[in-house]
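Working notes, structure below.
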Amino acid sequence: MTPTQRRWVFLAGVAGLVAFYLWGLLGLPGFGNYPGPYGFVINRVAVAQTNATGVVSAVNFDYRGFDTVGEEFILFAAAAGVATVLRRLRGERERPAVDEAADRNVPPTSGAVRMVALLFTGPLVVVGWWLASHAQANPSGGFQGGVVLASAFILIYLAGEFLVFKRFSPVDVTDAVEAVGAGGFAAVGVAAVGLGLAYLTNFLDKGQFYGSVSSSGTIALISFFVGLEVAAAFIMIIAELLEQTLFIRGGG
Amino acid sequence: MTAAVVTPYTVPVGMMDALQITILVLVAAGATAVVLVRDRVRQVVVLSVYGILLAVLFLAFQAPDVTLSELTVGAVALPIVLLLALAKVRKKEE
């Protein structure tokens, strides 16, 4: 096929794509126009039914809890996959990077970076826990809280070095926390089945006041477990990548 | 059509529209910038800035929970994963 013919095939494809895309755009509802009744129903009943003012969390962890279990295990499987793919292979060896240009001066981590990292580590842990444990009251949730928690550990790496990062997040502990997080979510669902209810039914006492930390029953509990799982999964992925970059050398 | 609920956080409609249009334009510019930067390490930094822009976009469209996710994943976690992968690849190339 000559370049000219190839260009025509390409142009025909682009024309088709543009036509279908514009056709699809024409069929969209107007900007900000929500046609379905489902959202309006949830908005009306969610706070009264669940005592959670974080209605997004109520949808994620209660009304559509089954979907979220699936998402949870997608992340779980992804972290397991990263750990499997990045493990040390036969013929690869583990050693710290050797500086091959001995006369080169590697600048140490700057004081400013250390300072900022150390200043933010504590507050990030607090904010992460706050987000993960207040899903029922705020527009937050276990996922957001978990990632914020994990980024506190990344700051520890930035301020110190890999060995300090490893001391704060040993592999066994990270693995165990991830398993507890993922298993805990599933177990809350199974507990409902044990009581003769449908899987993931919100069976706990929903408290007296909407929007308080102790209210909303299983929503708060599930959010807590999601926070554990997400934080551990992210720390694990970053740790695997760091180890792969810093320590594992190709075979030979 | 229900009556508008006025809260301390209510923003006048016209201002909200202006904010949304501004951030949509910025996101379009940011996405283009990510594609146009050719140096890989710089591209990751631009991608991180793009993540922050997307977070502001979600905030302007009243999805604060998605804002939090995008801020942490798009602006922090994804760039770190990419930077580490680049460091590994560069070591192989040497």
Among the residues of the range A:163-177, are any among the basic types (Lys, Arg), more than 18 Å from the chain's Cα centre (by Cα), assigned to a helix (DSSP H, G or I) and surrounded by fewer than 20 Cβ atoms within 10 Å (Cβ to Cβ)? yes
For the range A:4-59, enumerate the residues that are over 19 Å from residue A:207 (Cα atoms), surrounded by 10 or more Cβ atoms within 10 Å (Cβ to Cβ) and among the polar types (S, T, N, Q). A:43
Given (1) of a type in the set (A, V, I, L, M); (2) within 14 Å of another protein chain (Cβ to nearest Cβ); (3) at positive phi, where does residue A:200 come up short, assuming only one miss? (2)
Please work out which one of (1) closer than 20 Å to residue A:219 by Cα; (2) in contact (Cβ under 8 Å) with a residue 60 or more places away in the chain is the condition residue A:59 fails and give its number. (2)
Which condition breaks for residue A:178 when tested against (1) of a type in the set (D, E, K, R); (2) within 15 Å of residue A:52 (Cβ to Cβ); (3) at pLDDT 85 or above? (2)
For the range A:104-119, indicate whether the set of residues that are part of a helix (DSSP H, G or I), within 12 Å of another protein chain (Cβ to nearest Cβ) and modelled with pLDDT of 85 or more is non-empty. no
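Restricting to the range A:210-236, name every residue that is more than 11 Å from the chain's Cα centre (by Cα), of a type in the set (Val, Ile, Thr) and not in a loop (DSSP other than H, G, I, E, B). Working first, answer last.
Step one: filter the range A:210-236 for residues more than 11 Å from the chain's Cα centre (by Cα), giving A:210-225, A:236.
If we keep only those that are of a type in the set (Val, Ile, Thr) as well, we get A:213, A:218-219, A:222.
Selection gives A:218, A:219, A:222.
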If residue A:79 meets every condition in (1) closer than 30 Å to residue A:212 by Cα; (2) assigned to a helix (DSSP H, G or I); (3) under 25 Å from the mean Cα position of the chain (by Cα) apart from one, which number is that one? (1)
Condition first: within 14 Å of chain A (Cβ to nearest Cβ), surrounded by 18 or more Cβ atoms within 10 Å (Cβ to Cβ) and free of Cβ contacts under 8 Å to residues at least 12 places away in the same chain. Can you find one or more residues in the range B:41-63 that meet it? no
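Residues of the range A:20-59 being among the polar types (S, T, N, Q) and not in a helix (DSSP H, G or I), which ones?
A:33, A:51, A:53
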Name the residue that is surrounded by the fewest Cβ atoms within 10 Å (Cβ to Cβ), counting only residues in the range A:203-251 that are within 14 Å of chain B (Cβ to nearest Cβ) and of a type in the set (Gly, Ala, Ser). A:251
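The values are calculated or read from the model by the stated rules, or taken from the named source; none is laboratory data. Since we're looking at a predicted model, the values are computed, not measured. No Cβ is skipped: glycine too gets one built from the backbone with ideal geometry, and neighbour counts run over all protein chains shown.
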